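Before any comments, here is the structure.
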Amino acid sequence: MQEISFERALDVLRAKDPRYEREAYLFVREALDHTQQAIRNHGRKSLRHVTGQELLGGIREFGLKQFGPMTMMLFEEWGIRSCEDFGEIVFNLVETGVLAKTPQDSRADFAGGYNFFEAFRKPYLPKAKPARFATAAAPLWDK
């Protein structure tokens, strides 16, 4: 069986499932590499299978590192609006033979991973003002 190149796999995937932009697949592949490297840096000497939850953590970390406050906007441009979308991308890659899975892996591993606002927007919002300033900002008609 001839191995399909990643670029060709993306062409096939996009023709079959146009929900996600090409950049989404490229990002997930890079985020997987980032996650595997992070696992290796924490004491593992060899590559091992990455769980869906581990990959979601790596995606969050890698996305913030690469794109900062624009992460969520880029994800939306690419068709990604929830952690479940990452699961769809991963399993699309599995179905084309680009990625492998274990019998325990499923799309459900990506369900309810994290709230995108909390993960990608909140870290860049201004910190809350101290309570003494919050009361000073009350409208005059409330006094």
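By how many degrees, between 0 and 90 and to the nearest 10, does the Cα long axis of helix 6-16 differ from the longest principal axis of the chain?
70 degrees
Mind putting a number on the dipole of the stretch 1-126 about its Cα centre? Charges go on the C-beta only, +1 for Lys and Arg and -1 for Asp and Glu, and I need it in Debye to the nearest 20.
The dipole magnitude comes to about 380 debye.
What shape does the stretch 6-80 take by its C-alpha gyration tensor, where a ≥ b ≥ c are the square roots of the eigenvalues and a/c under 1.5 counts as rounded, a/b above b/c as prolate, and the rest as oblate?
The shape class here is oblate.
Taking Cα atoms, how many degrees apart are the long axis of helix 83-95 and the longest axis of the chain, rounded to 10 and kept between 0 and 90?
So the helix axis and the longest Cα principal axis differ by about 10 degrees.
Ratio of Rg to Rh for the chain, alpha carbon only, Kirkwood?
Rounded to two decimals, Rg/Rh equals 1.13.
Under 22 Å between C-alpha atoms is the cut-off here; go through the chain and count lysine pairs that meet it, provided they're at least eight residues apart or on different chains.
Lysine pairs meeting the criterion: 5.
Rank these residues by their accessible area, most exposed first, probe 1.4 Å: 98, 90.
98, 90
Please give the calculated 222 nm ellipticity per residue for the chain, where each DSSP H segment of at least 4 residues contributes -39500 (n - 2.57) and the sum is spread over every residue; nearest 500 deg cm²/dmol?
That comes out to -16000 deg cm²/dmol.
Say each of residue 33 and residue 114 gets a label point 7 Å from the Cα, pointing the same way as Cα to Cβ; how far apart are those two points in nm?
2.2 nm
In a GNM of the chain with a 10 Å cut-off on Cα contacts, which of 110, 75, 67 has the highest mean-square fluctuation?
So, out of 110, 75, 67, the one fluctuating most is 67.
Please name which of 66, 56, 36 has its Cα lying farthest along the dipole of the stretch 1-107 towards the positive end, using unit charges on Cβ (Lys, Arg +1; Asp, Glu -1) and the Cα centre as origin.
So the residue furthest toward the plus end is 36.
How many nm separate the modelled label positions at residue 47 and residue 76, each set 7 Å beyond the Cα in the direction of the Cβ?
Spacing of the two 7 Å Cα→Cβ label points: 3.5 nm.
For the residue pair residue 40 and residue 17, what label-to-label distance in nm results when each label sits 7 Å from Cα along the Cα-to-beta-carbon direction?
If labels sit at residue 40 and residue 17, their model points lie 2.7 nm apart.
Considering only the other residues whose Cβ falls under 15 Å of the Cβ of residue 115, what net charge follows from Lys and Arg at +1 and Asp and Glu at -1?
0
The values are calculated or read from the model by the stated rules, or taken from the named source; none is laboratory data. Every value quoted in this text rests on a predicted model; they were computed, and no experiment measured them. FYI the Cβ positions are ideal-geometry reconstructions off the backbone, even for glycines, and counts take in every protein chain you see. Each accessible area value is taken on the protein alone, full model and side chains, heavy atoms only, with ligands, DNA and RNA left out. Shrake-Rupley method; radii C 1.70, N 1.55, O 1.52, S 1.80 Å.
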